[in-house]
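A short write-up of the structure that comes next.
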Amino acid sequence: MPIRRVAEDVRAGRGGARREAEAAIRRHEASDLNAYIAFDAGALRRQADAIDDAVSRSRDPGPLAGVAVSVKDLYGLEGYALRAGTRRALPAWSEGFLVTSLRRMGAMFTGKTHTVEFAFGGVGLNPNTGTPVNPWDPVEHRAPGGSSAGAGVSLWEGSARIALGTDTGGSIRIPASATGVVGFRPTTGRWPTTGVVPLSTSLDTVGLLAHTVEDLRYAFRAIDPSARSEDEPDAPTPEGVSGLRIGVPASRLWTDADSGIAATVERALQELRAAGADVLELEAPELDEAGERYLSGPIVQPEFVEFLKRELPDWMPLLDPIIGTRLEAAAGVPALEYIAAHQHRRGLSARMHDRLAAERIDLLAAPTLPISPPPLAALARLDAYRKANRAMLSGTCPASMLDMCAISLPAGLDGEGMPAGLQLMGPSGGDLKLLAEAAAIEGVLGTNLDRLGMPPRVSR
């Protein structure tokens, strides 16, 4: 059921938040997917009863009334410890913009989902607190995508209808692609990152995952202060994709992708072309350069090390080697190199946006991930993990570096029977437009259930 309908029923007293809460609890208790580090059924019931009590007193709980939301364990959340994927709890962390906005609008929080340690990784692996199970492989434990590792898994578990993630270089879009759901990274700076443990003060964003673009679009318009003035709250889904100009970049985003993944995404674009979209090849060298700059680490790693040394110095010796070994050189990045990296990033972004405007391109399209989510057994060696981590970040980090908004939605299954994501990247500040365009594209391609079916590990 669309979350708009869920909220409408709860606000009208037809369904009840308690009914939603009990369904989420049943699904969580029946699941072995390990999406959560902490799930509090009692707290969820109390939230639901408070919402239903407000309705009984003719008070409107808000546009997300009774919608169950899972929270990445990088956010401060009242009643829950914050570990950020580490070996021990961090000092108390206050709730920030996104959590307080959702709470004010009647959403219910189910618990804390697993994250990669300090969100520093794209695979989803966490030896400290546990790695969620990707529901698409019925036999092997495959990577769920990171760093919001439990987010997409909580959606398929059925305990949440919206999942909160963070996205610095792809940590919302990667798990969305890996688990076959939809994940949206807003433009950097669009939403405050208050109440969230930082990785990179320059590139961090907070955002959402859900089963459909339309659910994300509805939630985004409810949450976003600017959207309430820019967009009609009940704006209908655009009808069709006729005339939509989709740029297919000549880029390593395509050439480095496994053939089965590239073919799956190409088929989705062919469907859009048949439905009337203009799918155009485009030179975009800025994407490859931005990706290389991100992965070489002159921005994210120094900012992360500075935060740890300033706020959590005792945590440095506790970092797992898959995190700690990648930070060894970060403290030695010269200030001039760091400043130059930011200046270069801004120049790349300006050239990319000028190119889109000159070519009248509405959005760019590429595979979200170039590889299929790997089995955890294949990542036992540190060099294998680092290779997979680099690959999984390589498809999403260019949009982050170029200050673009981006969304991943299911394109189909790859040759290994795992989900492959179609990533759509829009200009900076064009969040509402990108969501509307993605909703129209979803209208052609279908939702994740239409396109993928149900994961083998999820009870039918």
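With r as the distance between the Cβ atoms of M1 and R46 and R0 = 41 Å, compute the FRET efficiency 1/(1 + (r/R0)^6) and round to 0.05.
Here the calculated transfer efficiency is 0.95.
Mind checking the full-extension length gain between E292 and E359? Use 0.36 nm per residue of separation minus the Cα-Cα distance, one decimal, nm.
Length gained between E292 and E359: 21.7 nm.
Compute the accessible area per residue over the chain, keeping the other protein chains in place, probe 1.4 Å, unit Å². Present the calculation step by step, with values, prior to reporting the outcome.
Values: 16950 Å² over 460 residues.
Ligands and nucleic acids excluded, the result is 37 Å² per residue.
Which cross-chain or sequence-distant (5 or more) residues have an amide H under 5 Å from the amide H of M108, H modelled 1.01 Å from N in plane?
Distant-sequence amide H within range of M108: G66, V67, A68, V69.
Rank A81, P175, S70 by how far each Cα sits towards the positive end of the charge dipole of the chain (+1 on Lys, Arg Cβ; -1 on Asp, Glu Cβ) and give me just the farthest.
Going by the Cα projections, it comes out as A81.
How much of the DSSP bridge set in the chain is antiparallel, in percent, rounded to the nearest 5?
Working: 28 of 44 bridges.
Around 65 percent antiparallel, to the nearest 5.
With a 1.4 Å probe and every protein chain kept in, tell me what percent of the accessible surface of the range 250-305 is carbon plus sulfur.
46
Residue by residue through the range 384-391, which ³J(HN,Hα) values in whole Hz follow from phi under the Karplus form 6.51 cos²θ - 1.76 cosθ + 1.60 (θ = phi - 60°), with glycine and proline marked x?
Once θ is set to phi - 60°, the couplings for the range 384-391 become 5, 4, 5, 5, 5, 4, 4, 4 Hz.
Only four residue types carry charge here, +1 at the Cβ of Lys and Arg and -1 at the Cβ of Asp and Glu. Report the dipole size of the chain about the Cα centre in Debye, rounded to the nearest 20.
Around 880 debye, computed over the chain.
What figure in square angstrom, to the nearest 10, would you give for the accessible area of V300 with a 1.4 Å probe?
Here the accessible area works out near 10 Å².
I need the peptides 99-107, 340-348, 280-288, 397-405 ranked by packing, meaning the mean over residues of other C-beta atoms within 10 angstrom, with the highest value on top.
Those peptides, ordered most packed to least, come out 397-405, 99-107, 280-288, 340-348.
Quote the relative contact order of the range 106-244 in percent (integer), defining contacts as alpha-carbon pairs under 8 Å separated by 6+ residues.
Result for the range 106-244 is 19 percent.
Using the Cα atoms as the points, what is the convex hull volume per residue of the chain in Å³?
Here the figure is 127 Å³ per residue.
Starting with the highest mean, order 412-423, 27-38 by the number of other Cβ atoms within 10 Å, averaged over the residues of each peptide.
Listed from highest to lowest mean packing, they are 412-423, 27-38.
Any chance you could look up the accessible area of Y338 with a 1.4 Å probe, heavy atoms only, rounded to 10 Å²?
Probe radius 1.4 Å; accessible area of Y338 about 70 Å².
Enter the Cα centre distance for the pair the range 89-162 and the range 336-408, rounded to the nearest angstrom.
Between the Cα centres of the range 89-162 and the range 336-408 lies a distance of 21 Å.
Using modelled amide H (1.01 Å from N, peptide plane; none on Pro or chain starts), what sits under 5 Å from the amide H of L280, excluding residues fewer than 5 places away?
I246, G247, V248
With θ set to phi - 60° and the Karplus curve 6.51 cos²θ - 1.76 cosθ + 1.60, what are the ³J(HN,Hα) couplings of the range 277-287 in order, to the nearest whole Hz, using x for Gly and Pro?
6, 8, 9, 10, 6, 8, 6, 8, x, 4, 5
What percent does the relative contact order of the range 307-460 come to when contacts are Cα pairs within less than 8 Å and at least six residues apart?
RCO, the range 307-460: 21 percent.
For M316 and F97 in one chain, what is 0.36 nm times their gap in residues minus the Cα-Cα distance, to one decimal in nm?
Full-extension gain reported as 76.1 nm.
Can you work out the Karplus-derived ³J(HN,Hα) for every residue in the range 292-299? Use 6.51 cos²θ - 1.76 cosθ + 1.60 with θ = phi - 60°, whole Hz, and x for glycine or proline.
Using θ = phi - 60°, the values come out as 4, 5, 5, 5, 6, x, x, 10 Hz.
Below 16 Å, Cα to Cα, which lysines can K72 reach? Residues fewer than 8 away in the same chain don't count.
K112
Quick query: amide H of Y36 versus all other amide H atoms, modeled in the peptide plane; which residues come in under 5 Å with a sequence gap of 5 or more or a different chain?
It is H114, by chain and number.
I need to check one value: relative contact order of the chain, counting alpha carbon pairs closer than 8 Å and at least 6 residues apart, in percent.
18
The values are calculated or read from the model by the stated rules, or taken from the named source; none is laboratory data. No experiment lies behind these values; they were computed from the predicted model shown. Here the Cβ is made from the backbone with ideal geometry for all residues, glycine too, and neighbour counts use every protein chain on show. Note: accessible area is taken over every heavy atom of the protein model, side chains too, but ligands, DNA and RNA are not part of it. Shrake-Rupley method; radii C 1.70, N 1.55, O 1.52, S 1.80 Å.
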